[in-house]
Amino acid sequence: MAPVTSLTASVHQRLADALAAALPEVPAADPLLRRSDRADFQANGILALAKRTKTPPRELAERVTGAVTAGDLLAGVEVSGPGFLNVTVTDRAITANLAERAADPEGRLGVPFADRPGTTVIDYAQPNVAKEMHVGHLRSAVIGDAVVRMLEFTGESVVRRHHIGDWGTQFGMLIQYLIEHPHELDHKAPGSAGSAGSAGSAGSAGDEASGEEAMSNLNRLYKAARALFDSDEDFKARARRRVVDLQAGDAETLALWQKFVDESKIYFYSVFSKLDMEIRDADVVGESGYNAMLEETCRLLEESGVAVWSEGALCVFFDDIKGPDGSPVPLIVRKSDGGYGYAATDLSAVRDRVFNLKANTLLYVVDARQALHFRMVFETARRAGWLGDDVTAQQLAFGTVLGKDGRPFKTREGETVRLQDLLDEAIDRATAVVREKNSEKVALSEDEIVANGAQIGIGAVKYADLSTSASRDYKFDLDQMVSLNGDTSVYIQYAHARIRSILRLSGDARPVAHPELALAPAERALGLHLDGFAEAVTEAATEYAPHKLTAYLYQLSSLYTTFYAECQVLSAANAPEVVENRLFLCDVTARTLRRGMALLGIRTPERL
Ligand code: ARG
């Protein structure tokens, strides 16, 4: 089906045509159309055009008004103030347009695909092996997942890359310790090391228990190995030799390293599954995945002169990047001890993503504190010719998660908060809300309360993260997150469930659009906002800005609440076609909320 032209786009076209007729000397003059509270739309472009053409603004405005073709679309165009145009569309146009959206057989609500989709490689959800995940990893996962969903919806081909930290000198210490204490990673019940995590419904018990056990084994081992490394010089020397074996690809050493990776994946997948997020094994390409490219990456940089040797290390220098003492801060691609670090891996990953995966866009959902690293990596890759004019590389940098006290989120003891505990608490609180709100009318069973509690708790955490612009810090405040009032997912989920309940209770009445009916103000406001879904999605996707979609959905829920308060839906006093048309508005609202939330990775339960 052809995408539906939004009312905004249609009105814009009418005004642009009228402007072209009134001002032939200015080609492609922009009426600067905005949604408005005073009328449906306001065109603000006249003033500047009048100035430019030395015409009195009101006179130009009158000329444009006279040149507009109203047709079925426009109910009125009025000049206001010094030369603004207030534009009102007909009720018929609103309903007819929504009917077209509702009829979209692919359930896209008329949202068009991007004109020129490309391939985006997105780097997100990248925890580190043998380490506890923290709230920063949560942000990367939540934001990345929403961006993946939004981009795929616009038709972009998306390649996901989970650049997990699975390489580095600390593995020498861990592996050596495991060799000397061989049973430290054994599970009580035989585990399923290496198996991919299951996606789908939030949190399954089996996954979770083995995930927690895996992490606590790793934690214990890490601490013990660290203590030995710091206190025992002989062990330290053995650990260092083990790093050399690992980098040389010694089979036994690699097999033990693999054990750490597999064990960590059990843990990662249990967290992702609790987050109701699909992470596929094939997309997990950690730092180690680029080992075979590192040498060549360095050679190419050296040969092209992009990197130079300095104090035994292979470095890239930048004129504008200096330390506090004014000395240049280089990107170190190869350390003086011969080891490759984070930069060499990322530079190799750029080559892989551009030349093998044929990416047009490289996106990195990573903490803002790594901004300098990515600036240097991208600049180096440009100098080396790996990033050409046809490839965009961008860090989608996110801010820090703060506690209620406004300081980086930590436990009272100053340790990182365990993600499982955090998510469990969100689920517990949400379950309490669902249980408390459970009325006789809805009568949810205990199983439904538990299932909904998980969807609402996880939704609350995701929504809080997504609804502030990613670059900003935000406060992790569970009380606010599960609140029924205000800009929360819970509010939106309840609005959605209320509509679904009305649709279930509607008996024989069906949702049917009646463009011939006049609309009440609350119906018009709701209808106009529904028509803006495509623009909201497109904007959020192309700007990698999920918060624009949350803002849209929150406003949609508010407009629905007003509509519901002002317009009786299932009232015997209504003519049958009014009931049908209102049910139609309800239905399109529910579908838009559901689709929009799904694009953010948040579920919308049928009954609450
Ligand atoms: N593992 C890293 C961390 O925990 C994030 C990796 C980001 N991605 C990348 N390509 N460097 O900080």
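Do we have any residue at all in region 128-147 that's of a type in the set (A, V, I, L, M) and away from the ligand (no atom under 16 Å from the Cβ)?
yes
Filter region 39-56 for residues that are in contact with a Phe, Trp or Tyr (Cβ under 9 Å, 6 or more places away or on another chain) and assigned to a helix (DSSP H, G or I) and give the result.
Once the filter is applied, which keeps residues that are in contact with a Phe, Trp or Tyr (Cβ under 9 Å, 6 or more places away or on another chain) and assigned to a helix (DSSP H, G or I), region 39-56 yields Ile46, Leu47.
Just a yes or no: is a residue in region 316-328 within 16 Å of the ligand (Cβ to nearest atom) and buried (at least 18 other Cβ atoms within 10 Å of the Cβ)?
No, because not a single residue in region 316-328 is within 16 Å of the ligand (Cβ to nearest atom) and buried (at least 18 other Cβ atoms within 10 Å of the Cβ).
State which residue is farthest from Arg594 (Cα to Cα) when the search covers only region 445-492 and only residues that are β-branched (Val, Ile, Thr), within 21 Å of the chain's Cα centre (by Cα) and in a helix (DSSP H, G or I).
Val461
Kindly state which helices (runs of 4 or more DSSP H) lie completely within region 493-608 and contain at least 1 residues that are under 26 Å from the mean Cα position of the chain (by Cα) and of a type in the set (S, T, N, Q).
Of the helices (runs of 4 or more DSSP H) lying wholly inside region 493-608, those with at least 1 residues that are under 26 Å from the mean Cα position of the chain (by Cα) and of a type in the set (S, T, N, Q) span 533-542, 546-566, 576-599.
Restricting to region 112-127, give me the number of residues that are part of a loop (DSSP other than H, G, I, E, B) and within 16 Å of the ligand (Cβ to nearest atom).
4
Would you check if there is a residue in region 286-295 being loosely packed, with under 12 Cβ neighbours inside 10 Å and part of a loop (DSSP other than H, G, I, E, B)?
No - not one qualifying residue is present in region 286-295.
How do the pairs read when you match residues in region 594-606 that are touching a residue at least 60 places away in the same chain (Cβ under 8 Å) and more than 10 Å from Ala497 (Cα to Cα) with residues anywhere that are aliphatic (A, V, I, L, M) and part of a loop (DSSP other than H, G, I, E, B), using Cβ under 7 Å and keeping only pairs 6 or more apart or on different chains?
Sorted first by the residue in region 594-606, then by its partner, the pairs are Arg595/Leu109; Gly601/Met277.
Quick one: how many residues across region 152-172 are within 24 Å of the chain's Cα centre (by Cα) and either within 13 Å of the ligand (Cβ to nearest atom) or β-branched (Val, Ile, Thr) (or both)?
Going through region 152-172 one residue at a time, the tally reaches 9.
Would you say Arg101 is away from the ligand (no atom under 16 Å from the Cβ), of a type in the set (Lys, Arg) and in contact (Cβ under 8 Å) with a residue 12 or more places away in the chain?
So Arg101 passes the test.
What do you reckon, is Val434 buried (at least 20 other Cβ atoms within 10 Å of the Cβ), within 14 Å of the ligand (Cβ to nearest atom) and not in a loop (DSSP other than H, G, I, E, B)?
The answer is no for Val434.
Here's a check for you: in region 338-368, which residue that is farther than 24 Å from Thr119 by Cβ and under 19 Å from the mean Cα position of the chain (by Cα) is farthest from the ligand (Cβ to nearest atom)?
If we take residues in region 338-368 being farther than 24 Å from Thr119 by Cβ and under 19 Å from the mean Cα position of the chain (by Cα), then Ala368 is farthest from the ligand (Cβ to nearest atom).
State yes or no: is Met215 modelled with pLDDT under 95 and more than 14 Å from Ile164 (Cα to Cα)?
yes
Six or more apart or on different chains, Cβ under 7 Å: which pairs go from a residue in region 416-431 that's under 13 Å from Asp477 (Cα atoms) to one that's of a type in the set (Val, Ile, Thr) and surrounded by fewer than 18 Cβ atoms within 10 Å (Cβ to Cβ)? Could you list them?
Pairs found: none.
The values are calculated or read from the model by the stated rules, or taken from the named source; none is laboratory data. Because the structure is a prediction, the values reported are computed rather than measured. No Cβ is skipped: glycine too gets one built from the backbone with ideal geometry, and neighbour counts run over all protein chains shown.
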